[in-house]
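To keep things clear, I will list the structure first and then write my remarks on it.
The values are calculated or read from the model by the stated rules, or taken from the named source; none is laboratory data. Fair warning: this is a prediction, and the values are worked out from it, not measured in the lab. Cβ placement follows ideal geometry from the backbone for every residue including glycine, while neighbour counts extend to all protein chains displayed. These accessible areas exclude ligands, DNA and RNA; they are computed on the full protein's heavy atoms, side chains included. Shrake-Rupley method; radii C 1.70, N 1.55, O 1.52, S 1.80 Å.
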Amino acid sequence: MLELAVEQIAMGQRAADKGEALALLADRLVADGLVAEGYLAGLQAREAQGSTFLGQGIAIPHGTPQTRDLVFATGVRLLQFPEGVDWGDGQTVYLAIGIAARSDEHLRLLQLLTRALGETDLAEALRRASSAEALLKLLQGAPQALALDAQLVGLNLAAEDFDELAWRGARLLQRAGCVDSGFAAVLQQAEPLPLGEGLWWLHSERQVRQPGLAFLTPQQPLRYREQPLNGLFCLASLGAAHEALLERLCEVLIEGRGQMLYQATSSRAVLEVLGGEVPADWPSVRVVLANAHGLHARPAKVLAQLAKGFAGEVRVRLQDSPQPAVSVKSLSKLLSLGARRGQVLELIAEPEIAAEALPVLLAAIEQGLGEEVEPLPQAHQAQALPAEALRAPLPGSTLQGVAAAPGIASGPAHVCVEREIDYPLRGASPAQERARLRQAIDQVHSELHGLVQRSAAAIGEIFVTHQEMLADPALTDEVELRLAQGESAAAAWMAVIEAAARQQEALHDALLAERAADLRDIGRRVLAQLCGVQGAAEPEQPYVLVMAEVGPSDVARLDPARVAGIVTAQGGATAHSAIVARALGIPAVVGAGAAVLLLDNGTPLLLDGQRGRVAVDPPADELQRALAERDARERRLQIAWANRHEPALTRDGHAVEVFANIGESNGIDKVVEQGAEGIGLLRTELIFMAHPQLPDVATQEAEYRRVLDGLGGRPLVVRTLDVGGDKPLPYWPIAVEENPFLGVRGVRLTLQRPQVMEDQLRALLRAADDRPLRIMFPMVGQMQEWRAAKAMVERLREEIPVADLQVGIMVEVPSAALLAPQLAREVDFFSIGTNDLTQYTLAIDRGHPSLSAQADGLHPAVLNLIDMTVRAAHAQGKWVGVCGELAADPQAVAVLLGLEVDELSVAARSVAEVKALVRQADLSTARALAREALQQDSAEAVRALLERY
Ligand code: PEP
Ligand code: MG
């Protein structure tokens, strides 16, 4: 990943000329192990092809495709030359950023840098910077751009007075992610400023996350402080982000054009006046970028030069991106797009020059902007082989899927498949399309009302939010504009919904991404109404939900009172949606195959979430047997619940600890109340995710302290931050990796960011006092990773003594299990993460849509690794836990017992059941069973063996 950090910077360098500067850079890259000797030739060759001068005293020397193989690791090194180096063409460089990258990772760096390049006199500041920290600040500290787009404009709002309008402004800013919920109150205290022409200005810097400006106009004429109130600007102010906008606004007012704002009938018209967007009637063309390494500095420079040859304005944006169009004449703006091969560029030009400029720019991009380009594959070449003909499962048949959440459920199938809905792009007339859309929205509104009435309170709230979204004037306003241009109601509606959803996703915030899912949800409902596509009505009685895949946001909407069970076509037991289903206690079978989606709605289904089976329209006697078994299980669970606080002892008196897995610091009392004897896995990344920014030591300490307080002396096993792979942190952008599960994740990532790791360990040790704290590191695969992490704990321990501390690792990479004898000499304990251990052992992505069904932790290959780990640990007197999902699999408990695992850590709601399963077992029988399981040749064979047991 290309990120900037102080360690990469060497200050106060001197070089007589460019050649010497390149040699210094190459030496540094070689010395730091990023590239092999010989990379200098690549840097020189690259400069010979064209200068890497970027602007503002910065150059970015990098190699050529021929020297890419000399790159060992992606990275950058920065040399500051306070006296300057002549870079040719009259340019002087004060900062050279040497890049070692095999592919186009440096585009991300360029995107970062271009924020700084917009600064006026950066070159001088770079020259004068006296420390690496100061220099880094200059590069990274560019102000955030002001958010101002269609969703921040609310026109003709039914507001009764100034306060109501201000409140609406705060809401728009909050929805756009610019401010926290307290901003509305803060704004009420701010002093309003009259701008003239009935326009007012309100601003505050408090509760602001990102600078943004909202503009609102009232439906009926209002007055405020004895002056007209025609429109209100609400600014969430942060730094100087709004200055340019304010200047433009002053010009508009001085020229007496204020009415163009408050009489505007569309948000686009407002944005045009304020200069945020390109006028809608400017001609545009689209072209796919074919350059292998995207729009990097060299081709971007060619494009900017070419555009400068035309007298008028030409802008470019990425199709389907929420980013506004930027000037093609600005190299830094072009780089800020971060355009990659295969992405579509939309070029937009002022009408006076469009006919001349657009074809020239289009042809130049198609020809590669000075680079050789390979044509992109045509869409039809990428078409898949014809799909195998699928048939709906026959009545009486049984489907085998993956056991994802235990329990037996029966009910009519309710198949939810998103089918493509075709719709016309052009409409009859704006008036007719408007009426159709209004009617569809009204119908969906009452449909949602029905859902609110029928659902449990928490789920009903989701539908209330959907109703609010439907009524959002920002959406309808944009739609209106498109209708006026002749689009059909469906096309206009879907385009606006999709753009708004993408905008939310682009903010890389988990909550806002969920809002994108909500937007798409209402989008589809309205589209279905418009096109007369009937979704299957939700059955009145509890039903079995059948879907391709249940995403976490779908699960959040499930009402356990109405959904008796879940069957999915895709997915595996450790996919995060399966984990959530388990937490909700809804029996589930996943990965049952695509044929389930062809079932008729209402087909009676019987699913066994423990065995992973789905019976289609089963005979009456089978149904009866299963329901009797369900009732028996219910009774077993009741007994298990009654004994949940008793220890888990096998019939022959062997004790196993049963702990809980958690992801938040609240509600520990409830976890203990469910019988947990401690916490076996605190997934701290979930705590980090609950904060809008990296929590500092004090914040973390408070979180960990809350858990330890709640545990009242019971042990706490904490896993240090495990991000990367499928677990992104919104505020810690990680470069896209081709293979994220095999990339920089878990301890690999935190060791690269020792400050983050040190802060976390410091907070943990401080929170511990004399309570039992166990710290473990995720994804350890090498001895030196463990030693580096352990050394940090030891160092901090001298500073913050802790009475009862153990330090261990998660065993979730096969190499750790294979190295267990060596590791066991040094660790205090192992905790086996069977979710990842299974995916890495079987080389099956745990979230893979079709393969993850085979990622079964009872595979003998995985069991053998568990066995090796336990034996190695016990030989050194160390303990072993299992904290992956396998620990809660009722079939697996006996095997894990037989392998002599000391602790099982499961979701809190499974604790009582797992304890009961331990009590039913007998250690000597379980040992024999485990030995037999280790000899099997497949997971199915192991499960068949356990079925007989
Ligand atoms: C595991 O991999 O088994 C584990 C417990 O960690 P996670 O599921 O959080 O990756
Ligand atoms: Mg894991």
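Loop-only GluC sites (Glu not before Pro) in region 707-808, please: DSSP not H, G, I, E or B, and at most 13 other Cβ atoms within 10 Å.
GLU738
For the chain, would you read off the P(r) tail past 40 Å as a percentage of all alpha carbon pairs?
51
From Cα pairs below 8 angstrom and at least 6 apart in sequence, can you work out the relative contact order of region 717-830, rounded to a whole percent?
Over region 717-830, the number comes to 27 percent.
Please identify the chymotrypsin sites (Phe, Trp or Tyr not before Pro) of region 20-106 that satisfy two criteria: DSSP loop assignment and at most 16 other Cβ atoms within 10 Å. Which are they?
PHE72
Kindly sort CYS531, CYS883 by accessible area of their heavy atoms, largest first, with the probe set to 1.4 Å.
CYS531, CYS883
How would region 298-364 be classified by its alpha-carbon gyration tensor: rounded, prolate or oblate, with rounded meaning a/c under 1.5 and the a/b versus b/c comparison settling the rest?
Cα axes put region 298-364 in the prolate bin.
Over region 6-140, what is the relative contact order in whole percent, taking alpha-carbon pairs under 8 Å and six or more residues apart?
29 percent.
Roughly how much of ILE687 is accessible, in Å² to the nearest 10, using a 1.4 Å probe?
10
Pick out, from THR838, SER665, ALA763, the residue whose Cα sits farthest towards the positive end of the charge dipole of the chain, with +1 on the Cβ of Lys and Arg and -1 on the Cβ of Asp and Glu.
The listed residue farthest towards the positive side: THR838.
Based on the alpha-carbon gyration tensor of region 651-948 and its eigenvalue square roots a ≥ b ≥ c, which shape applies: rounded if a/c is under 1.5, prolate if not and a/b is larger than b/c, or oblate?
Prolate, because a/c is 1.5 or more and a/b exceeds b/c.
Could you tell me how far the Cα centroid of region 152-210 sits from the Cα centroid of region 861-929, in Å?
So the separation of the two Cα centres works out to 57 Å.
Just need the relative contact order of the chain here, percent rounded to a whole number, with Cα pairs under 8 Å and 6+ apart.
Taking the mean separation of contacting Cα pairs over the length of the chain, I get 8 percent.
Determine the calculated [θ] at 222 nm for the chain from helices alone, applying -39500 (n - 2.57) to every DSSP H run no shorter than 4 residues and normalising by the residue count; nearest 500 deg cm²/dmol.
-13000 deg cm²/dmol
Amide H neighbours of ALA648 under 5 Å, at least 5 residues apart or on other chains, H built in the peptide plane: list them.
VAL656, VAL658
Let me spell out the model: positive unit charges on the Cβ of Lys and Arg, negative unit charges on the Cβ of Asp and Glu, origin at the Cα centre of region 668-820. What dipole size does that give, in debye rounded to 20?
That gives a dipole near 160 debye.
Counting only protein heavy atoms, what percent of the accessible surface of region 284-366 is carbon or sulfur at a 1.4 Å probe?
Whole-percent figure for carbon plus sulfur exposure: 53.
List the lysines whose Cα sits under 24 Å from the Cα of LYS878, skipping any in the same chain fewer than 8 residues away.
Leaving aside lysines fewer than 8 places away in the same chain, those within reach of LYS878 are LYS790, LYS915.
Can you find, among GLY368, ALA355, LEU335, the residue farthest towards the positive end of the dipole of region 328-368? Put +1 on the C-beta of Lys and Arg, -1 on that of Asp and Glu.
Working it through, the farthest residue towards the positive pole turns out to be LEU335.
Taking the Cα centre of each part, how many Å lie between region 391-448 and region 815-833?
Centre-to-centre (Cα) distance: 49 Å.
Choose one of GLN220, LEU858, ILE566: the residue whose Cα lies farthest towards the positive end of the charge dipole of the chain (beta-carbon charges +1 Lys, Arg; -1 Asp, Glu; about the Cα centre).
LEU858
Fully extended, how many nm does the chain gain between ARG223 and LEU376 (0.36 nm per residue separation, minus their Cα-Cα distance)?
The span from ARG223 to LEU376 would gain 49.2 nm if fully extended.
On full extension of the chain, what length is gained from LEU394 through GLN752, given 0.36 nm per residue of separation minus the C-alpha to C-alpha distance?
123.4 nm
Just how large is the dipole of the chain about the Cα centre, in debye to the nearest 20, putting +1 at every Lys and Arg Cβ and -1 at every Asp and Glu Cβ?
Taking the Cα centre of the chain as origin, the dipole is about 960 debye.
Could you run the Karplus curve 6.51 cos²θ - 1.76 cosθ + 1.60 with θ = phi - 60° over region 910-924 and give me ³J(HN,Hα) per residue in whole Hz, x for Gly and Pro?
9, 4, 4, 5, 5, 4, 5, 5, 5, 5, 6, 8, 9, 4, 5
Based on a Kirkwood Rh over C-alpha pairs, give the Stokes-Einstein translational diffusion coefficient of region 6-140 at 10 °C and viscosity 1.306 mPa s in µm²/s.
Estimated via Stokes-Einstein, D reaches 109 µm²/s.
Got a number for carbon plus sulfur as a percent of region 150-274's accessible area, 1.4 Å probe?
The computed percentage sits at 46.
Between ALA292 and SER815, what is the label-point separation in nm under the 7 Å Cα-to-beta-carbon projection?
3.0
Rounded, prolate or oblate: pick one for region 872-932, where a ≥ b ≥ c are the square roots of the eigenvalues of its C-alpha gyration tensor, a/c under 1.5 means rounded, and failing that, prolate if a/b is larger than b/c, else oblate.
oblate
Rounded to the nearest 0.05, what FRET efficiency is calculated for ARG909 and LEU686 with R0 set to 22 Å and r the Cβ-Cβ distance?
That gives a FRET efficiency of 0.85.
Per residue, how large is the accessible surface of the chain? Use a 1.4 angstrom probe and give square angstrom.
About 43 Å² of surface per residue is accessible.
How big is the Kirkwood radius of region 430-531, worked out from every pair of different alpha carbons and given in Å to one decimal?
About 13.9 Å, per the Kirkwood formula over Cα pairs.
Quick check: pseudo-label points 7 Å beyond the Cα along Cα→Cβ at GLU191 and GLN66, how many nm apart are they?
With each label point 7 Å from Cα toward Cβ, the separation is 6.8 nm.
Along region 680-685, what does the Karplus equation 6.51 cos²θ - 1.76 cosθ + 1.60 (θ = phi - 60°) give for ³J(HN,Hα), rounded to whole Hz, x for Gly and Pro?
In residue order, the calculated couplings are x, 7, 9, 7, 5, 5 Hz.
At 1.4 Å probe size, put ARG927, ARG562, ARG317 in order of accessible surface, largest to smallest.
ARG927, ARG317, ARG562
Placing one identical point scatterer on every Cα of region 150-274 and ignoring solvent, what is log10 I(q)/I(0) from the Debye formula at q = 0.14, 0.16 Å⁻¹?
For region 150-274, the Cα-only Debye profile gives -0.52, -0.70.
For the pair GLU794 and GLU272, what calculated FRET efficiency results from E = 1/(1 + (r/R0)^6), where r is the Cβ-Cβ distance and R0 = 56 Å, to the nearest 0.05?
So, using R0 = 56 Å, E works out to roughly 0.35.
At a 1.4 Å probe, what is the % contribution of carbon and sulfur to the accessible area of region 651-948?
Result for region 651-948: 50 percent of the exposed heavy-atom area is carbon or sulfur.
Could you work out how much longer the chain between GLU549 and ARG206 gets when fully extended? Use 0.36 nm per residue separation minus the Cα distance between them, nm to one decimal.
119.3 nm
Calculate the all-directions average of the projected area of region 571-704's alpha-carbon convex hull, and give it in nm².
Average of the hull's projected areas for region 571-704 equals 12.3 nm².
What FRET efficiency, computed as 1/(1 + (r/R0)^6) with R0 = 35 Å and r the Cβ-Cβ distance, is obtained for ALA928 and GLN693, rounded to the nearest 0.05?
Between ALA928 and GLN693 the formula returns 0.05.
Using the Karplus curve 6.51 cos²θ - 1.76 cosθ + 1.60 with θ = phi - 60°, work out ³J(HN,Hα) for each residue of region 179-189 in order, rounded to whole Hz, and write x for Gly and Pro.
Working through the residues one at a time gives 9, 8, 5, x, 5, 4, 5, 4, 5, 4, 8 Hz.
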